[in-house]
Amino acid sequence: MSIFEDKEYAKMDWLAQAVEPIISSLNDKLISLPHEFVLTYSDIARLAFSGYSDLRAGEGDLIAHCFRKRNVDSRDLEKEILAVYKLVAEGDTYIDMTQGVLHGTIKIVKTKDHFDEKDLLAIMGNTGYERLHTMDCRDMDVARPNEILELFGGMEAALKSKSVAAKVMAIATEYKKIMEENRWNIRNVDLSNRIGEWIRLYLLHGNLAALTNFCKFKVMTHNNQAIYSIQEEPV
């Protein structure tokens, strides 16, 4: 068995291999979450008001509260998933504070059940980019960004720079462009983000397993085949 075998691709049936769908754990997570939450007067009063009339909470607070009621911490959910949930009012909706009654219905509703290919292409590598873009590179060994730039290819201007910060910025910017254009033909959003994390771990800590993973991946990009997975070294 080759160390460059894509096991995820290999286990697909012939039709999936022909179509090459984009996959993401976001869809698995989104499917597992409730379609809607119905808010009660108590929910809204507890969160939204101080005294009788001072509105304190926004849509995000109400969404987070609904998840807490289902024992889900919204801080563990990706921003793309949270953005799917919207506040919806049905009927002649108003709150009677004197009677402690909610008239009408207020819900938090899931506006889609899955992210389609267009959605997933748009978020490819976003988390990985954020991790790279926010790195503190003040004590970084200049040899490491140079190695990554060499692996990227076509980064001569950044290689010539004497500034580590400029090199790291060039890496993050190029990574973002590659992901936006999907030049590496990645069909797994989770993998796209792990690539950014491998680069970050090597740049910051010289993590050799992370560098090995990135090198394996780069070899696989020369196969002109969609990439779903690599045989990863634990980092």
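The values are calculated or read from the model by the stated rules, or taken from the named source; none is laboratory data. Here the structure is a predicted model, which means the values were calculated and not measured. Every residue, glycine as well, gets a Cβ built from its backbone with ideal geometry; the counts of neighbours run over all protein chains shown.
Could you figure out which of (1) at pLDDT 85 or above; (2) surrounded by fewer than 15 Cβ atoms within 10 Å (Cβ to Cβ) isn't true of A64?
The single condition A64 does not satisfy is (2).
Checking V72 against (1) out of contact with any Lys or Arg (no Cβ under 9 Å at 6 or more places or on another chain); (2) surrounded by 13 or more Cβ atoms within 10 Å (Cβ to Cβ); (3) in a helix (DSSP H, G or I), which test does it fail?
Evaluating V72 over (1) out of contact with any Lys or Arg (no Cβ under 9 Å at 6 or more places or on another chain); (2) surrounded by 13 or more Cβ atoms within 10 Å (Cβ to Cβ); (3) in a helix (DSSP H, G or I) leaves (3) as the failure.
Just a yes or no: is a residue in the range 173-181 under 26 Å from the mean Cα position of the chain (by Cα) and of a type in the set (A, V, I, L, M, F, W, C)?
Yes, that holds for at least one residue.
Mind checking which residues of the range 13-35 are of a type in the set (D, E) and either without any contact (Cβ under 8 Å) to a residue 60 or more places away in the chain or out of contact with any Phe, Trp or Tyr (no Cβ under 9 Å at 6 or more places or on another chain) (or both)?
D13, D28
Test each condition in (1) in contact with a Ser or Thr (Cβ under 8 Å, 6 or more places away or on another chain); (2) free of Cβ contacts under 8 Å to residues at least 40 places away in the same chain for L120 and report the one that comes out false.
So L120 meets the others, but not (2).
Within the range 116-137, identify whether any single residue is hydroxyl-bearing (S, T, Y), at pLDDT 90 or above and surrounded by 13 or more Cβ atoms within 10 Å (Cβ to Cβ), and answer yes or no.
Scanning the range 116-137 turns up at least one residue that is hydroxyl-bearing (S, T, Y), at pLDDT 90 or above and surrounded by 13 or more Cβ atoms within 10 Å (Cβ to Cβ).
So which of I195, I199, I186 is under 15 Å from the mean Cα position of the chain (by Cα) and more than 20 Å from V19 (Cβ to Cβ)? Outline the logic, then answer.
On the way: I199 fails: under 15 Å from the mean Cα position of the chain (by Cα); I186 fails: more than 20 Å from V19 (Cβ to Cβ).
Among I195, I199, I186, only I195 is under 15 Å from the mean Cα position of the chain (by Cα) and more than 20 Å from V19 (Cβ to Cβ).
If you scan the range 159-172, which residues turn out to be surrounded by 15 or more Cβ atoms within 10 Å (Cβ to Cβ) and either within 21 Å of N207 (Cβ to Cβ) or in contact with an Asp or Glu (Cβ under 6 Å, 6 or more places away or on another chain) (or both)?
V164, K167, V168, M169, A170, I171, A172
Here is a yes/no grid of residues against (1) of a type outside the set (A, V, I, L, M, F, W, C); (2) within 19 Å of R194 (Cα to Cα):
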site: V109; (1), (2): no, no
site: R131; (1), (2): yes, yes
site: D141; (1), (2): yes, no
site: R144; (1), (2): yes, yes
site: A157; (1), (2): no, no
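Among what's in the range 180-212 and is among the hydroxyl-bearing types (S, T, Y) and surrounded by 22 or more Cβ atoms within 10 Å (Cβ to Cβ), pick the residue that is nearest to R144 (Cα to Cα).
Ranking the qualifying residues of the range 180-212, first place goes to Y202.
All but one of (1) surrounded by 15 or more Cβ atoms within 10 Å (Cβ to Cβ); (2) over 16 Å from A122 (Cα atoms); (3) among the hydrophobic types (A, V, I, L, M, F, W, C) hold for V219, so report the exception by its number.
In the conditions (1) surrounded by 15 or more Cβ atoms within 10 Å (Cβ to Cβ); (2) over 16 Å from A122 (Cα atoms); (3) among the hydrophobic types (A, V, I, L, M, F, W, C), V219 misses (1) alone.
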